[in-house]
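Heads up, the thing below is written out as C-alpha cells.
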Amino acid sequence: MLRRVFWRRPERRASEESPSDRDLARQLGERLAGELPAPGRNRLRFYVRDGAVTIYGSVVGLDDRQYINQLVRRTPGVVTVYDHLTIES
C-alpha cells in the first residue's frame, strides 16, 4: 500500500520575534559574505520560506558543509535547514 507524504510547513512564527523571509535571506547573505571567501560564496544558493532555509550548491569538503549548516542554523529566525549541498571530488 502506498502512502502519500506531504511536506509539513514549519509552525508559524510570531512576526514580532522573527524577521520576515526576505529579511532573513538578506541576513544570511550578509553573514555568508562575511564568513566565506568569494569563490565559496558564489557556489551557494539558498531559499527561505516561513523560516525554513533550503541550501543548494557545492562545497569543497565535509568540513565546509558542516560549517555552513551550523552558520545557517545559528542565524536568528531560522526554523529548520534543508541541506542539498554536494561535495566536490
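Are there any pairs with C-beta distances below 7 angstrom linking a residue in the range 15-37 that is closer than 19 Å to V59 by Cβ to a residue that is at pLDDT below 80 and surrounded by 14 or more Cβ atoms within 10 Å (Cβ to Cβ), with the two at least 6 apart or on different chains, and if so which? Listed by first residue and then by second, the contacts come to L32/R41; A33/R41.
Candidates in the range 40-89 are the residues that are of a type in the set (S, T, Y) and part of a loop (DSSP other than H, G, I, E, B); of these, the one that is nearest to G29 (Cα to Cα) is T75.
When the range 40-66 is filtered for residues that are in contact (Cβ under 8 Å) with a residue 24 or more places away in the chain and among the hydroxyl-bearing types (S, T, Y), the ones remaining, listed by number, are T54, Y56, S58.
The values are calculated or read from the model by the stated rules, or taken from the named source; none is laboratory data. Computed from a prediction, not measured in an experiment: that's the story for all the values here. Cβ: placed from backbone, ideal geometry, glycine included. Neighbour counts: every protein chain shown.
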